[in-house]
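First comes the structure, then the notes that go with it.
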Amino acid sequence: MRKYVIMGVQGSGKGTQSALLCGDLDLVHISVGDLFRWHVKNHTKLGAQVRRAMTAGHLVGDDLVESVVRGRLDGHDWNYGFVVDGFPRNGRQAEFFMESYDIDAVIHLELPDDEVRRRVLSRRLCPECGMDYNLIADRPQVDGRCDICGHELITRADDTPEALDARLRDYHEKTRPVLELFRRKEVVHDVDARPGADDVQAAIRKTLGLPSYSPVP
Ligand code: AMP
């Protein structure tokens, strides 16, 4: 059983790296942001509660986040383990998490803020199938269209310069202290997130002592 948390500032590649890690190791990727986006897209009651905070780039209230994470983890479709992405993001969430689940490692993707701005503001998303693109490093084959399902690509509502500034502030003020808390437990593995996705994945696997990663040609 492998239980990991992946942390890093917005645009550091948490979603991409989690997906690469989960694929052949049969881990379940639990992305709190993706769960919320699903609820907003499908107009659920929860979606209505989180939409405003998400659009402004603010954190959603802890009670709501904790119940969503607990609900997902208690679903138990993670026989081989999980990668939690986007949680915990503040001291209270970290305490809740550490009381309820032991984790084997925290993967910390390190990326300077100017590179974050460059990456996030060029990010595009397919609202239909969830595929992520980047106009710098990972362009779609046809401009503005998803390679997988052909749907028109959008910019995430929280990928504006104003919302990004709010999220960066939150990250430095609230999320960095969480990392320090995990550091005291000696579970943090720092990984440079600047290289390409395959190289970052190889570095993650090396530091965690996992079987090596074979990129799909
Ligand atoms: P992400 O995709 O991880 O950047 O998350 C998108 C948005 O979902 C964030 O900007 C927050 O509004 C909300 N969110 C995701 N995870 C959390 C969390 N752990 N605590 C509070 N809000 C969250």
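The values are calculated or read from the model by the stated rules, or taken from the named source; none is laboratory data. All values derive from a computational prediction rather than experimental measurement. Here the Cβ is made from the backbone with ideal geometry for all residues, glycine too, and neighbour counts use every protein chain on show. To get the accessible areas, we keep the full protein, side chains included, count just its heavy atoms, and leave off ligands, DNA and RNA. Shrake-Rupley method; radii C 1.70, N 1.55, O 1.52, S 1.80 Å.
For residue 173, the conditions (1) open to solvent by 20 Å² or more (accessible area, probe 1.4 Å); (2) assigned to a loop (DSSP other than H, G, I, E, B) all hold with the exception of (2).
Residue count for the stretch 44-61 under the criterion of being near the ligand (Cβ under 8 Å from one of its atoms) and free of Cβ contacts under 8 Å to residues at least 60 places away in the same chain: the result is 4. Per the listing 11, 15, 86, the residue uniquely modelled with pLDDT under 95, small (Gly, Ala, Ser), under 14 Å from residue 204 (Cα atoms) and within 15 Å of the ligand (Cβ to nearest atom) is 15.
Across the stretch 131-150, what is the total count of residues that are open to solvent by 30 Å² or more (accessible area, probe 1.4 Å), more than 30 Å from residue 209 (Cα to Cα) and not in a strand (DSSP E or B)? The total comes to 11. For the stretch 73-84, the set of residues classified as in contact with a Phe, Trp or Tyr (Cβ under 9 Å, 6 or more places away or on another chain) and closer than 19 Å to residue 36 by Cα consists of 73, 82, 83, 84, listed by residue number. Within the stretch 3-28, the set of residues being more than 22 Å from residue 194 (Cα to Cα) and surrounded by 18 or more Cβ atoms within 10 Å (Cβ to Cβ) comprises 27, 28. Exactly one residue out of 64, 153, 109 is surrounded by fewer than 15 Cβ atoms within 10 Å (Cβ to Cβ), modelled with pLDDT of 90 or more and either within 12 Å of the ligand (Cβ to nearest atom) or among the aliphatic types (A, V, I, L, M) (or both), and it is 64. Is it the case that residue 114 is farther than 26 Å from residue 194 by Cα and loosely packed, with under 14 Cβ neighbours inside 10 Å? No. Specify the residue that is most open to solvent (accessible area, probe 1.4 Å); the eligible residues are those in the stretch 89-104 that are within 19 Å of residue 1 (Cβ to Cβ) and more than 10 Å from the ligand (Cβ to nearest atom). The qualifying residue most open to solvent (accessible area, probe 1.4 Å) is 99. Among residues of the stretch 190-210 that are on the phi < 0 side of the Ramachandran plot, those with a Cβ under 7 angstrom from a residue that is of a type in the set (Phe, Trp, Tyr), sequence gap 6+ or separate chain, pair up as 201/213; 202/213; 205/213.
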